[in-house]
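Q: Starting off with a structure, shown below.
The values are calculated or read from the model by the stated rules, or taken from the named source; none is laboratory data. Quantities reported herein were computed from a predicted structural model and do not represent experimental measurements. Reconstructed Cβ throughout: ideal geometry from the backbone, glycine too, with neighbour counts over all protein chains shown. Protein only, heavy atoms only, side chains kept; ligands, DNA and RNA dropped before computing areas. Shrake-Rupley method; radii C 1.70, N 1.55, O 1.52, S 1.80 Å.
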Amino acid sequence: VQLQASGGGLVQAGGSLRLSCAASGIMFSINDMGWYRQAPGKQRELVAGITSTYGANYADSVRGRFTISRDNAKNTVYLQMNSLKPEDTAVYCCNARHIGVSHWGQGTLVTVSS
């Protein structure tokens with residue numbers, strides 16, 4: 001199983017980035033997908049998740065600014081991040097979960113300058 005995240009980088013506050021996570025080795029369409037982030041000195045937190053049954057959910061801190069989506073044909077989940085703030089700076093990684101089995105990808109660093 002491999003979850004390959006990309007799209008991170010350095011952006012000014014107010015800017016946008018789109019993260020991608022390409023999955024292989026799993027039946028992508030049946031997995032719940034999520035984006036998590038971990039800032040220095042802080043615990044990892046769920047940013048956004050998307051399931052086939054319940055759709056998308058977001059952390060309060062990003063709701064209205066971030067959008068999660070998935071393309072099952074491409075085995076890829078995306079995170080569109082708009083109106084970025086310095087407090088969004090973190091390593092972002094994706095997660096695939098199905099019936100209690102969870103897989104993690106490596107992270108991609110997002111740095112938002114003020």
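Q: Treating the beta-carbon of each Lys and Arg as +1 and of each Asp and Glu as -1, no other charges, what is the dipole magnitude of the chain about its Cα centre, to the nearest 20 debye?
A: It works out to roughly 40 debye.
Q: Moving on to the next point. For Asn82 and Ser52 in one chain, what is 0.36 nm times their gap in residues minus the Cα-Cα distance, to one decimal in nm?
A: Result for the pair: 8.4 nm of gain on full extension.
Q: Between the alpha-carbon centers of region 1-35 and region 36-65, tell me the distance in whole angstrom.
A: Using only Cα atoms to place each centre, the spacing works out to 12 Å.
Q: Among Thr76, Thr53, Thr67, which one shows the highest mean-square fluctuation when the chain is modelled as a Gaussian network with alpha-carbon springs under 10 Å?
A: Among Thr76, Thr53, Thr67, the largest mean-square fluctuation in the Gaussian network model of the chain belongs to Thr53.
Q: Going by Cβ distance under 4.7 Å, what cysteines of the chain have no possible disulfide partner?
A: Result for the chain is Cys93, no neighbouring Cys Cβ within the cutoff.
Q: Run the numbers for Lys42 and Asp71: contour at 0.36 nm per residue of separation, minus the present Cα-Cα distance, in nm.
A: Going from the current span to full extension adds 7.4 nm.
Q: Then there is this: By the scheme Lys and Arg +1, Asp and Glu -1, what is the net charge of all other residues having a beta-carbon under 14 Å from that of Cys21?
A: +3
Q: Could you tell me what percent of the accessible area of the chain is made up of carbon and sulfur, with a 1.4 Å probe and every protein chain present?
A: 50
Q: Okay, moving on. One-quarter of the Cα convex hull surface for region 70-110, in nm²?
A: 3.9
Q: Then there's this: Starting from the 7 Å offset along Cα-to-Cβ, what nm value, one decimal, do you get for the label separation of Ser16 and Ile30?
A: In this crude label model, Ser16 to Ile30 measures out at 3.5 nm.
Q: Moving to a separate point now. Restricting the calculation to Cα positions, tell me the Rg (one decimal) and the Dmax (whole number) of the chain in Å.
A: Answer for the chain, Rg first and Dmax second: 13.3, 41 Å.
Q: What residues qualify as long-range amide H neighbours of Gly15, i.e. H under 5 Å apart, gap of 5 or more or another chain, H built at 1.01 Å from N?
A: Leu84
Q: Could you sort Tyr36, Tyr92 by their accessible area in this structure, using a 1.4 Å probe and putting the largest first?
A: Putting Tyr36, Tyr92 in descending order of accessible area: Tyr36, Tyr92.
Q: A further question on this structure: What is the gain in length, in nm to one decimal, between Arg63 and Thr111 on full extension, counting 0.36 nm per residue of separation less the C-alpha to C-alpha distance?
A: That pair, Arg63 and Thr111, stretches by 15.4 nm at full extension.
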